[in-house]
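First comes the structure, then the notes that go with it.
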């Protein structure tokens with residue numbers, strides 16, 4: 001493979017069929033024994049249910065944004081297998097350094113639906129206390145760090161965290177998510193380089209979803225693939241069919257075990273597709289041909305997972321109907337509760353800038369509280 | 001009590017804290033075997049080893065980004081940025097991440113990181129080894145900014161910074177790294193963050209300075225005294241959160257104030273100090289507050305002594321303010 005000098009081809013679903021891409025699920029739904037992660041039936045079913053849940057959440061949150069009830073949503077439609085498969089491969093002590101599209105991983109790791117929705121409404125119970133946009137939550141209990149919008153910054157932090165754990169001889173791996181667009185960022189370079197030089201126990205999980213807002217993946221790099229970037233850093237890398245949850249679990253688990261054994265970081269390029277816009281603020285019709293969506297839709301991760309479960313007798317239409325109704329009710333009930341929670345108290349704007357509130361913020365807080373209220377924010 | 005210069009005092013503080021707290025780690029370019037280009041970390045690599053004193057690849061963003069991750073893990077990283085002129089590749093990590101982590105996570109996480117970095121001119125370092133970017137960090141909500149002027153304060157403020165729960169930018173005035181000598185206690189002590197020092201009492205004009213320019217302010221005050229003007233000189237020590245009480249108290253006494261800093265004038269920290277003085281002590285002022293600063297040009301090489309706000313430029317401002 002002359003990956004260094006080759007020009008990237010236009011990204012298409014057929015790419016995930018290439019020989020260099022790890023696949024587990026065959027088109028008939030059976031698993032290739034060499035890449036089968038051999039997860040239990042119970043885990044397979046609960047992962048499928050979790051995938052359905054985050055897809056339904058996505059649909060519901062987009063609707064809420066269109067109705068003006070929340071300000072924003074950035075979803076994972078089409079990328080559920082890459083996100084849940086990688087999160088499911090983590091061991092309990094491992095940590096996640098997310099991008100902003102992995103709420104499925106946070107929920108899988110234990111963040112409550114209530115907490116997530118409180119962030120969507122920016123209310124008084126929001127873990128981020130209404131200080132960040134929707135989908136910028138935090139959940140330490142899930143070993144999931146705080147989300148920021150700048151691209152790639154979490155990559156170096158994941159390396160530093162793992163480096164710290166390694167120095168304390170704690171058996172812990174960090175996994176950081178980023179899109180293929182982030183491979184153009186400073187911190188991708190810094191993180192890859194520091195991780196490889198110091199052999200930190202880190203998994204670099206690149207969701208190649210084809211798009212960085214409107215810029216296609218072939219315009220992010222002249223390399224033949226994103227995985228090939230690992231070569232120059234001295235880091236092993238692997239491409240995986242990101243819409244094949246079994247293959248994702250397999251390669252992520254291998255990378256985690258490799259890191260935990262002291263062999264350092266791995267770059268994973270998961271080939272998947274962003275089936276929605278970048279976020280609710282984006283309309284992909286302006287730049288994306290519909291036929292690409294149709295083609296990628298044929299490789300939909302939920303559809304493929306369900307086919308596998310059905311042929312193994314683990315799933316059927318009756319179960320699907322029951323699950324859809326149950327999850328729909330759960331989401332609607334949780335939204336009803338979160339929407340009624342008041343906004344954060346005024347004073348909270350000035351807290352947590354520092355551990356204690358210094359004189360200038362005390363002054364500014366008093367001035368704001370005593371002053372007139374802005375219109376249209378309600379609750380005060 | 002031993003005599004130390006600032007380099008020795010900071011080194012002593014780092015060693016003391018690394019012995020006391022095994023979570024403290026140093027990382028940066030050339031901080032390990034060679035002990036830093038200014039030798040501030042000299043000997044620490046030999047005592048604490050390469051897992052606690054780490055020579056990193058040449059990337060400020062990588063250094064600070066990794067330090068943030070280490071802090072989230074529970075270590076106490078003290079990264080060095082070799083010159084504050086080179087801090088800008090790390091600016092995104094400092095501004096968007098380090099400063100915001102506590103706030104944006106609703107207090108769930110925090111980043112206890114002390115970034116040490118040499119600052120200031122007068123060493124024939126040209127544009128890229130001389131700048132004073134403090135106001136670019138003071139402006140960022142969530143950071144504390146410290147700049148000692150002497151060996152005693154350098155050690156005490158460093159220990160206070162490392163034990164502080166918030167991220168601290170620790171600016172070390174490199175022009176006086178070796179020149180500023182003084183008594184430094186061997187053992188443990190701290191200098192409280194947020195407290196200025198009145199280094200010379202006076203009744204006519206308040207001169208506010210910090211870092212290397214403190215000595216220029218004192219020199220100007222000595223000359224002013226010979227001309228019958230009695231200056232009070234304030235060493236801010238902590239730039240943010242600034243000791244507003246000390247400033248207001250002094251300005252209420254003198255009614256006249258001159259602020260001195262190396263950084264360019266426009267939007268320099270002096271602008272904020274003058275605004276605060278106007279807000280809090282306007283009716284006590286007898287003259288317009290004045291600023292003696294670097295100029296709004298890039299930092300020059302050959303003409304650096306004309307650029308810096310040295311005593312020869314401070315004195316006329318003091319006299320003008322006194323005679324207003």
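Of the residues making up segment B:98-117, those that are under 15 Å from residue B:73 (Cα atoms), within 9 Å of another protein chain (Cβ to nearest Cβ) and in a helix (DSSP H, G or I) are B:101, B:102.
Considering (1) more than 14 Å from chain A (Cβ to nearest Cβ); (2) within 17 Å of residue B:68 (Cα to Cα); (3) surrounded by fewer than 22 Cβ atoms within 10 Å (Cβ to Cβ), say which one residue B:129 fails and leave the rest. Unmet condition: (2).
Applying the criterion of at least 2 residues that are touching a residue at least 12 places away in the same chain (Cβ under 8 Å), within 30 Å of residue A:219 (Cβ to Cβ) and within 12 Å of chain B (Cβ to nearest Cβ) to the helices (runs of 4 or more DSSP H) found wholly in segment A:98-199 leaves A:153-167, A:186-197. When you scan segment A:356-366, do you find a residue that is in contact with a helix residue (DSSP H, G or I) (Cβ under 6 Å, 6 or more places away or on another chain) and more than 14 Å from chain B (Cβ to nearest Cβ), even just one? No, segment A:356-366 contains no residue that is in contact with a helix residue (DSSP H, G or I) (Cβ under 6 Å, 6 or more places away or on another chain) and more than 14 Å from chain B (Cβ to nearest Cβ). Checking every residue in segment B:155-172 against the condition of being within 19 Å of residue B:251 (Cα to Cα) and assigned to a loop (DSSP other than H, G, I, E, B) gives zero matches.
May I ask you to say which residue of B:220, B:224, B:246, B:263 is under 15 Å from the mean Cα position of the chain (by Cα) and outside any loop (DSSP other than H, G, I, E, B)? Don't jump to the end; show me each part of the working.
On the way: B:220 fails: under 15 Å from the mean Cα position of the chain (by Cα); B:224 fails: under 15 Å from the mean Cα position of the chain (by Cα); B:246 fails: under 15 Å from the mean Cα position of the chain (by Cα).
On inspection, the qualifying residue turns out to be B:263.
Answer yes if at least one residue in segment B:34-49 is within 11 Å of another protein chain (Cβ to nearest Cβ) and either modelled with pLDDT of 95 or more or more than 16 Å from residue B:170 (Cβ to Cβ) (or both), and no otherwise. Don't jump to the end; show me each part of the working.
Kept after step one, since they are within 11 Å of another protein chain (Cβ to nearest Cβ), are these residues of segment B:34-49: B:49.
If we keep only those that are either modelled with pLDDT of 95 or more or more than 16 Å from residue B:170 (Cβ to Cβ) (or both) too, we end up with B:49.
Yes, that holds for at least one residue.
Here A:36, A:28 are screened, and the one residue that is farther than 28 Å from residue A:219 by Cβ, modelled with pLDDT under 95, assigned by TED's automatic domain parsing to the domain that holds residue A:218 and part of a loop (DSSP other than H, G, I, E, B) is A:28.
Whenever a residue of segment A:220-247 is assigned by TED's automatic domain parsing to the domain that holds residue A:207 and without any contact (Cβ under 8 Å) to a residue 40 or more places away in the chain, its partners that are part of a loop (DSSP other than H, G, I, E, B) and crowded, with 19+ Cβ neighbours inside 10 Å, lying with C-beta atoms within less than 6 angstrom and at least six residues away or across chains, give the pairs A:237/A:227. It is to be established whether one or more residues within segment B:250-258 are in contact with a helix residue (DSSP H, G or I) (Cβ under 9 Å, 6 or more places away or on another chain) and part of a loop (DSSP other than H, G, I, E, B). Scanning segment B:250-258 turns up at least one residue that is in contact with a helix residue (DSSP H, G or I) (Cβ under 9 Å, 6 or more places away or on another chain) and part of a loop (DSSP other than H, G, I, E, B).
Checked against the criterion of being within 14 Å of another protein chain (Cβ to nearest Cβ), outside any helix (DSSP H, G or I) and in contact (Cβ under 8 Å) with a residue 60 or more places away in the chain, segment A:253-271 contains one or more residues that satisfy it.
If only one of B:7, B:25 is closer than 21 Å to residue B:157 by Cβ and within 12 Å of another protein chain (Cβ to nearest Cβ), which one is it?
On the way: B:7 fails: within 12 Å of another protein chain (Cβ to nearest Cβ).
Only one candidate passes the filter, namely B:25.
With under 15 Å from residue B:120 (Cα atoms), assigned by TED's automatic domain parsing to the domain that holds residue B:214, surrounded by fewer than 15 Cβ atoms within 10 Å (Cβ to Cβ) and modelled with pLDDT of 95 or more as the only criterion, which of B:309, B:288, B:316, B:298 stands out? First the steps, then the outcome.
Details: B:309 fails: surrounded by fewer than 15 Cβ atoms within 10 Å (Cβ to Cβ); B:288 fails: under 15 Å from residue B:120 (Cα atoms); B:316 fails: under 15 Å from residue B:120 (Cα atoms).
Every option except B:298 fails the conditions.
Given the criteria assigned to a loop (DSSP other than H, G, I, E, B), away from chain A (no Cβ under 13 Å), in contact with a strand residue (DSSP E or B) (Cβ under 9 Å, 6 or more places away or on another chain) and touching a residue at least 40 places away in the same chain (Cβ under 8 Å), does residue B:31 qualify? Judged against the criteria, residue B:31 is a match. State whether the residues of segment A:314-322 include one that is in contact (Cβ under 8 Å) with a residue 24 or more places away in the chain, in the same structural domain as residue A:44 (by TED's automatic domain parsing) and not in a helix (DSSP H, G or I). For segment A:314-322, residues in contact (Cβ under 8 Å) with a residue 24 or more places away in the chain, in the same structural domain as residue A:44 (by TED's automatic domain parsing) and not in a helix (DSSP H, G or I): present. Scanning segment A:53-97 for residues that are in a helix (DSSP H, G or I) and closer than 19 Å to residue A:269 by Cβ turns up A:80, A:81, A:82, A:83, A:84, A:85, A:86, A:87, A:88, A:89.
The values are calculated or read from the model by the stated rules, or taken from the named source; none is laboratory data. Remember, it's a predicted structure, so these values are computed and weren't measured experimentally. Quick reminder, even Gly has a Cβ in these numbers, built from the backbone with ideal geometry, and neighbours come from all protein chains shown.
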